[in-house]
Amino acid sequence: MSDKVYQAVPSTPGTETYWDAAKEGKLMVQFCKDCKKPHHYPRGVCPHCMSTNLEWKQAKGTGEIYTYSIMHAAKPAYVIAYVTLDEGLSMMTNIVDCDAAKVKVGQKVKVVFKPTDNGGKLPCFTVV
Ligand SMILES: [Zn+2]
């Protein structure tokens, strides 16, 4: 597997908490204090109820593959997936450090952090 990664969360104002935590090996998700739902990617307004009353919580870092796509055109091929975290939200990510043949819908995965070009760490997932 390649370490090529897809950066689904932009490094923009409001996402510093996400990226700072990732550097320390923590996966953070935003929860809405009004409707109680989590969402991803991080933003200033809840996409469910438009509330700005948000908080960060550390995710367990485990979940399962909701859907995925193997990028065969790339050499070597790599896997982009939507992973549904145990907290109930889905995030676009890369499945890394495993044989692509083991990647399937419903497969349990856990977060791993990959170095980025700018000195940060990017949350990716690998099969468990
Ligand atoms: Zn909300």
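Quick notes on this one:
- Restricting attention to the stretch 57-78, the residues that are surrounded by 13 or more Cβ atoms within 10 Å (Cβ to Cβ) and in contact with a Ser or Thr (Cβ under 7 Å, 6 or more places away or on another chain) total 4.
- Boolean, G25 is loosely packed, with under 13 Cβ neighbours inside 10 Å, modelled with pLDDT under 95 and not basic (K, R): no
- Taking (1) touching a residue at least 60 places away in the same chain (Cβ under 8 Å); (2) assigned to a strand (DSSP E or B) in turn, D97 satisfies each apart from (2).
- Meets criteria (β-branched (V, I, T), at pLDDT below 95 and surrounded by fewer than 16 Cβ atoms within 10 Å (Cβ to Cβ)) for T17: yes
- Hits in the stretch 33-89 (condition: part of a strand (DSSP E or B), within 16 Å of the ligand (Cβ to nearest atom) and out of contact with any helix residue (DSSP H, G or I) (no Cβ under 8 Å at 6 or more places or on another chain)): P38, H39, L54, E55, K57
- In the stretch 22-32, the residues that are more than 16 Å from K110 (Cβ to Cβ) and more than 8 Å from the ligand (Cβ to nearest atom): K23, E24, Q30, F31
- The residues on offer are A77, A59, and the sole one that is over 18 Å from the mean Cα position of the chain (by Cα) and touching a residue at least 40 places away in the same chain (Cβ under 8 Å) is A77.
- Residue ID - modelled with the highest pLDDT, chosen from residues in the stretch 91-128 that are small (G, A, S) and either more than 25 Å from P42 (Cβ to Cβ) or buried (at least 17 other Cβ atoms within 10 Å of the Cβ) (or both): G106
The values are calculated or read from the model by the stated rules, or taken from the named source; none is laboratory data. Being a predicted model, the structure only gives us computed values, none of them experimental. Positions of Cβ are backbone-derived with ideal geometry, glycine not excepted, and every protein chain shown enters the neighbour counts.
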